[in-house]
Structure formats: C-alpha cells, structure tokens
Amino acid sequence: MTFEKIAIVAAEVPAAQEALSRLQQRYGTTSPDEADVIVALGGDGFVLHSLHAVMERKIPIYGMNQGSVGFLMNTYEEDALEARLADAEAAELHPLRMNAWDIDGNKHQALAINEVSLIRQSRQAAKIKIMIDGIERLDELICDGVLVATPAGSTAYNLSAAGPIIPLGAGVMALTPISAFRPRRWRGALLPATTAVEFHVNDAEFRGVSVAADFHEVRDVTRVAVSEDRSVSLTLLFDPEHNLEERIIKEQFEP
C-alpha cells in the first residue's frame, strides 16, 4: 500500500504528545480530513476513538503504542515510518449496531467496534431476558450484566468476563454473561455473526440497567437490540510480524 498524505494524531498524555512532536518534525503531517492514512499514537482506547472519528470516511489507521495495553497497536519506532505503512497488512473490521430503548420510550443508536455491554446500575442484580433471532433462549439471566463482543473486542472486556477469544474471520461473536448468578453454570454462547440478539430488562424501574456501545452509554434501558453491521467497514493496519490474527492466537497461549 502507498500513502501520500499521512496524518499523525496523539492521545492527550505526555508520552504520546512527545512522540507526536518528534514524528511531525521528522515526517510532517496533514489534516486528518485530507489524509490517506492516520497514524495514531496512544493506547487501544485512543485507536477506538480514532476509528469512530473516521468511520464514515473509511480511512485506515496505523496505531503505534504509547499507552498501557496496546493490543490493537504496533510497536513504537520512529524510523522508516513510510516503509512500515507500505508493508502493513490490513485487518477489516465490522462493528456492532446497537438500538436501545429507555424507560421513557426514547430510542438510541450507536456503533461498537469492541462490544455492547449491559450493566446493572444499582446494588440489585439485573434480570435480563435473551432473545436470539426472535426466539427466547433464556427467560431470565440474573447477573451483573451481559455483553456481545466482536472478534476484535473479544480480548477486551469480554476476556476479563471469562468470555472466549475469537479469531478474526471466524464469522462469530461472543455472548458473555458478567457475574451470572442464575443460571449459575451458564457460560455464554458463540453465535454466528449474522445473529440478531435482543435483550429485555425485567423490572427495569426497580433494577436499573445501562448499556454501553464502546464509549456511548445509555442509562435506564428496557430493551437493547444488537447485530453486526456489515455495511460499515473499518481498517486497521499492522506490521506483518504483528498482525491482529497472530495477536489473537498468541493471546490464547499467554500464561
């Protein structure tokens, strides 16, 4: 791949800002609105923000780690940036589309690159009914919450909730409970990426539940519908030796 217009952006943390200054002096930069590619300096959260920012323009993003985790990032190096971009491999991602209705009947929409997660708002456990493609599969999950994760997001919140890691291209998404009380032994499910998942919050007025699609949060929801949106395509760039598929496989063998 050849990129003529490179934009370099950075998170608002000292290490990322210092790296931004050095790279701008060395390579120059253009506006993200005019760029062919965006180099994002920060952590995974900053890359997610960057992907959301360019979602309508479909600009590829090449992240370099100046944050704490960096699962979606490449190693930070100042040399041969143009060559690294030219040799980078692309990972195509499709986000989840969330439609949520609150207790006042208002509808909210958002896209999630990592996951859509429902979380209880109070000391009381949430009670959530789960529908899969219009069929009731679980009449009541008593829990702290439940989430649907993409393959790219399966190593994030989903993994910390004991959900499965999903290879890219597997064509599935993870449905994972968060601290489930009943059914006590239900560990979640792997679902085809074409699945439509719907959550109904029981006793919503007394057992408040919020939903978050990446950074977009809605409180006091009564119903949430989640499905993959293949009309939206996002591109992350990785060095060949550190591509996203390899990272997802490697993560499953980490001690």
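Taken together, the values in this text are just the output of simple stated rules run on the coordinates, not laboratory data. Worth saying up front: this structure is predicted, and the values here are computed from it rather than measured. Cβ coordinates were reconstructed from backbone atoms using ideal geometry, including for glycine residues, and neighbour counts include every protein chain displayed.
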### Query
Label-point separation (nm) for Ala225 and Ile135, each offset 7 Å from Cα along Cα-to-Cβ?
1.9 nm
### Query
How far is the Cα center of the stretch 1-26 from the Cα center of the stretch 54-72, in Å?
12 Å
### Message
Straight-line reach only, C-alpha to C-alpha below 16 angstrom: list the lysines that Lys129 could link to, leaving out same-chain residues fewer than 8 apart.
### Response
none
### Query
Could you state the number of Å between the C-alpha centres of the stretch 214-255 and the stretch 95-157?
15 Å
## Note on the structure
Taking r as the C-beta separation of His242 and Leu190 and R0 as 30 Å, the FRET efficiency to the nearest 0.05 is 0.70
### Summary
Those GluC sites (Glu not before Pro) from the stretch 152-255 that are DSSP loop and have at most 10 other Cβ neighbours within 10 Å turn out to be Glu205
### Query
Among Arg137, Arg120, what is the fewest-to-most ranking by other Cβ atoms within 10 Å?
Arg137, Arg120
### Query
Relative to a virtual label point 7 Å from the Cα of Glu254 in the Cα→beta-carbon direction, which members of the stretch 64-86 show backbone nitrogen distances below 19 Å?
64-76
### Task
Any lysines with Cα under 19 Å of the Lys58 Cα? List them, leaving off those in the same chain fewer than 8 positions away.
Lys5
### Message
Counting each pair of different Cα atoms once, what's the Kirkwood radius of the chain in Å, rounded to one decimal?
### Response
19.2 Å
### Query
Could you put Ile38, Ile59 in order, starting from the residue whose Cβ has the fewest other Cβ atoms within 10 Å?
Ile59, Ile38
